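S.K.: A single structure is presented below for examination.
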Amino acid sequence: MENGERSSAKRVRVPSPPGNRVKQEVPAWEEEASGGGETEAMDGAAARAEVVVRIDKEMLHCPICTLPLKPPIFQCGVGHTACGSCHGQLPTNQCHSCDGGGGGLYGPCPVMDALVAKAVVPCPHQAYGCRASVAYYQASEHGSTCPHAPCACGEPGCAFVGSPPALLAHLAAAPHSWAVENFRYGETLRLSVPEPEARRLLVADGDDGSRRVFVLAVGDRASRTVPVSVACVRAPGAAAAGPQYTCKMWATGDKAPATGKVESVLVDMEVPSAAAAGAVAADDEKATFLGVPRKMLRGASRQMLLSVRIGRASG
């Protein structure tokens, strides 16, 4: 750059280094002036460009609680930092790290506030399909509620883990070949589940483009009462983040010879979440399931006639 002029007509990108990465926006002219590393000019009128840098994680953590720093951040005169939570719990404004002298009093540090707000990392579940980038101090919270958080297959001997959409594709394909039923929220889905089928995938496509995977699990048909459950496949954190679902499910049997009455049993419940596509545990006191009397199984295939209606919980 001649005569010390600063150009805003180009943006500069530095190649991404391997390993842990933190994104930080810097003025393009500062990157040019540094003269460090190979650069690639890009068209654009912005004076700032995104670069990928490596930084010691310790710089982004509070030295008192060791958690990631987030605004507001406080710093003493010699550079020691404290997060807002720790600063608020100190008995005085004296720096926690300074050894008595030096006038180590904390004060607001807008530079660090801006730094941690711009230090961006990919979602921890990027490998499972999440494309979000979040501030470093928000990565853990985002990861715990991410809808792409991995779930397990649940089939004996299978170690597959993946996001719910990936798990759907995995279970529907050989060698598992689970049956798949598509439905809309609030509509009744009628199913005939023969023996020995124990699980079936129920897939709902929302109006907002979201896709949810549910598992219908049928327990031991030799039991006097056969347990049937429905669960939404998602990690615990994603379940807590919502949305929540309800399910009304009922089974019907044959007509009684004497009266012609068709027997039925029904359950109206909240849909639990499961991080693995496993079967219902009838002895689990916390589990809610439909108990189908064995006499209601039909024909030589001992098929079960079910009606399932899943909806979004209101409120």
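The values are calculated or read from the model by the stated rules, or taken from the named source; none is laboratory data. Every value quoted in this text rests on a predicted model; they were computed, and no experiment measured them. Note that each Cβ is placed from the backbone with ideal geometry, even for glycine, and that neighbours are counted across all protein chains shown. The protein model used for the area step is the full one, side chains on, heavy atoms only, and it has no ligands, DNA or RNA in it. Shrake-Rupley method; radii C 1.70, N 1.55, O 1.52, S 1.80 Å.
S.K.: Just to be sure I understand the filter: pairs with C-beta atoms under 6 Å, separated by 6 or more residues or on different chains, first member in the range 261-273 and of a type in the set (Ser, Thr, Tyr), second member surrounded by 13 or more Cβ atoms within 10 Å (Cβ to Cβ). Which pairs pass?
M.R.: 264/250; 264/252; 273/232; 273/234; 273/239
S.K.: Would you please name the residue that is nearest to residue 211 (Cα to Cα), looking only at residues in the range 179-195 that are without any contact (Cβ under 8 Å) to a residue 60 or more places away in the chain and of a type outside the set (Lys, Arg)? Can you show your working first?
M.R.: Residues of the range 179-195 that are without any contact (Cβ under 8 Å) to a residue 60 or more places away in the chain, as a first pass: 179-182, 184.
Still in the list and also of a type outside the set (Lys, Arg): 179-182.
On the way: 179: 17, 180: 13, 181: 13, 182: 10 Å.
Among those residues, the one meeting the criterion is 182.
S.K.: Oh, and also: For residues that are open to solvent by less than 50 Å² (accessible area, probe 1.4 Å), within 23 Å of the chain's Cα centre (by Cα) and small (Gly, Ala, Ser), scanning just the range 178-212, find the one that is farthest from residue 310 (Cα to Cα).
M.R.: 210
S.K.: Also, quick follow-up: Are any residues in the range 156-177 touching a residue at least 40 places away in the same chain (Cβ under 8 Å) and either under 13 Å from the mean Cα position of the chain (by Cα) or surrounded by fewer than 19 Cβ atoms within 10 Å (Cβ to Cβ) (or both), and if so, which ones?
M.R.: Taking the range 156-177 and keeping what is touching a residue at least 40 places away in the same chain (Cβ under 8 Å), we get 164-165, 167-168, 171.
Result: 164, 165.
Matching residues to (1) more than 16 Å from residue 274 (Cβ to Cβ); (2) at pLDDT 95 or above:
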residue	(1), (2)
124	yes, no
135	yes, no
161	no, no
164	no, no
189	yes, yes
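S.K.: Right, another one. For the range 143-155, which residues satisfy the criterion of being of a type outside the set (A, V, I, L, M) and crowded, with 19+ Cβ neighbours inside 10 Å? Even if it seems obvious, please write down each step before you answer.
M.R.: If we filter the range 143-155 for residues that are of a type outside the set (A, V, I, L, M), which is where we start, we get 143-148, 150-151, 153-155.
Answer for the range 143-155, where residues must be of a type outside the set (A, V, I, L, M) and crowded, with 19+ Cβ neighbours inside 10 Å: 143, 146, 147, 148, 151, 154.
S.K.: Quickly run through the range 28-81 and pick out the residues that are open to solvent by less than 40 Å² (accessible area, probe 1.4 Å) and at pLDDT 50 or above.
M.R.: Within the range 28-81, 49, 51, 52, 60, 62, 69, 73, 74, 76, 79, 81 meet the criteria.
S.K.: Considering only residues that are more than 30 Å from residue 128 (Cα to Cα) and at pLDDT 90 or above, which ones fall in the range 229-267?
M.R.: Taking the range 229-267 and keeping what is more than 30 Å from residue 128 (Cα to Cα), we get 248-267.
Result: 248, 249, 250, 251, 252, 264, 265, 266, 267.
S.K.: Just to be sure I understand, how many residues within the range 266-279 are part of a strand (DSSP E or B), within 20 Å of residue 161 (Cα to Cα) and either out of contact with any helix residue (DSSP H, G or I) (no Cβ under 7 Å at 6 or more places or on another chain) or open to solvent by less than 40 Å² (accessible area, probe 1.4 Å) (or both)? If you could, list the steps in order and put the result at the bottom.
M.R.: Filtering the range 266-279 for residues part of a strand (DSSP E or B) gives 266-270, 273-274, 276.
After this cut, where a residue has to be within 20 Å of residue 161 (Cα to Cα) as well, the list is 273-274, 276.
Next cut, either out of contact with any helix residue (DSSP H, G or I) (no Cβ under 7 Å at 6 or more places or on another chain) or open to solvent by less than 40 Å² (accessible area, probe 1.4 Å) (or both) only: 274, 276.
Selection size over the range 266-279: 2.
S.K.: Taking the range 232-265 as the search range and keeping residues that are open to solvent by 50 Å² or more (accessible area, probe 1.4 Å) and assigned to a loop (DSSP other than H, G, I, E, B), which one is nearest to residue 210 (Cα to Cα)?
M.R.: Checking each candidate, the answer is 244.
S.K.: Whether any residue in the range 101-122 is open to solvent by 70 Å² or more (accessible area, probe 1.4 Å), among the β-branched types (Val, Ile, Thr) and modelled with pLDDT under 90 is what I want to check.
M.R.: no
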